[in-house]
1. For segment 151-163, name all the residues that are touching a helix residue (DSSP H, G or I) at 6+ places or on another chain (Cβ under 7 Å) and surrounded by 16 or more Cβ atoms within 10 Å (Cβ to Cβ).
2. Select from segment 213-244 the residues that are at pLDDT 70 or above and farther than 15 Å from residue 184 by Cα and write down the one among them that is surrounded by the most Cβ atoms within 10 Å (Cβ to Cβ).
3. With 151, 185, 103, 109 as the choices, which residue is in the same structural domain as residue 63 (by TED's automatic domain parsing) and either under 15 Å from residue 26 (Cα atoms) or in contact (Cβ under 8 Å) with a residue 60 or more places away in the chain (or both)?
4. So which residues in segment 186-220 are touching a strand residue (DSSP E or B) at 6+ places or on another chain (Cβ under 7 Å) and part of a loop (DSSP other than H, G, I, E, B)?
5. Test residue 209 against the criterion of being at pLDDT 95 or above and surrounded by fewer than 20 Cβ atoms within 10 Å (Cβ to Cβ), and give yes or no.
6. Determine, yes or no, whether residue 93 is modelled with pLDDT of 95 or more, at negative phi and over 29 Å from the mean Cα position of the chain (by Cα).
7. Looking at (1) under 23 Å from residue 42 (Cβ atoms); (2) assigned by TED's automatic domain parsing to the domain that holds residue 184; (3) touching a residue at least 40 places away in the same chain (Cβ under 8 Å), which is the one condition that is false for residue 160?
């Protein structure tokens, strides 16, 4: 009887352990009205191999068009090149940090923000007396971050603003699942040719806001680690998930077999 009670207790513990509740709260330690200073406010800066669009507008559209690259398309079986007036193509930054801009030639843009690039080109057009009233707009084209792991929609997401936060990336990925470790989110970043890893505790508002990866950069990889409960549920092949019903059935079966064996 004593052995039976021990086995029964073990079964109960296993079931309770498989149903443990993870901590899913964000921003613990921060109350409404608190002023938290965000460390390392970083704007997105252009790197080699990034692609940007640059659009020049003026009161004289014909003059402005000299500085806008048309979208060039070639139809299958047709050797005639046609331009699309609905937009402009992009500039890919070469390995040395330059783009080849119409009339101005090689323009160094690596390390610059969108605003800095727009202001530089605008000033060059005015100083060289090429366009008197230019309005220059710069947009990101291929800048992305990747979100992997325990989120609703893992994938690669576009950066469409100068400051792009970790919370925005996770929001675009549909938020973390109930099985995510919110206190151990990993961010991988390329720095000086090396892969640098940072860990962020989303449960702590102070830790989140103080993190150097609160503001993400292009090509960052965010990985959300699963909880131990999720890991226990994974099958050998790692693709299917065993439900709580499975574990309860397994415990019941083992208990029944053990009782029969003792008898």
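1. Within segment 151-163, 151, 157 qualify.
2. Out of the qualifying residues, it is 216.
3. Going through 151, 185, 103, 109 in turn, the sole match is 109.
4. 201, 202, 203, 211, 212, 213, 214, 217, 218, 219, 220
5. no
6. It is false that residue 93 is modelled with pLDDT of 95 or more, at negative phi and over 29 Å from the mean Cα position of the chain (by Cα).
7. Here residue 160 clears every test but (3).
Conditions tested, residue by residue: (1) touching a residue at least 24 places away in the same chain (Cβ under 8 Å); (2) surrounded by fewer than 20 Cβ atoms within 10 Å (Cβ to Cβ); (3) touching a helix residue (DSSP H, G or I) at 6+ places or on another chain (Cβ under 7 Å); (4) within 28 Å of residue 28 (Cα to Cα).
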position	(1), (2), (3), (4)
126	no, yes, no, no
130	yes, yes, no, no
135	yes, yes, no, no
142	yes, yes, no, no
165	yes, yes, no, yes
176	yes, no, yes, yes
180	yes, no, no, yes
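The values are calculated or read from the model by the stated rules, or taken from the named source; none is laboratory data. It should be emphasised that the depicted structure is a prediction, and the values quoted were computed from it without experimental measurement. Note: ideal-geometry Cβ built from the backbone for every residue, glycine included; neighbour counts use all protein chains shown.
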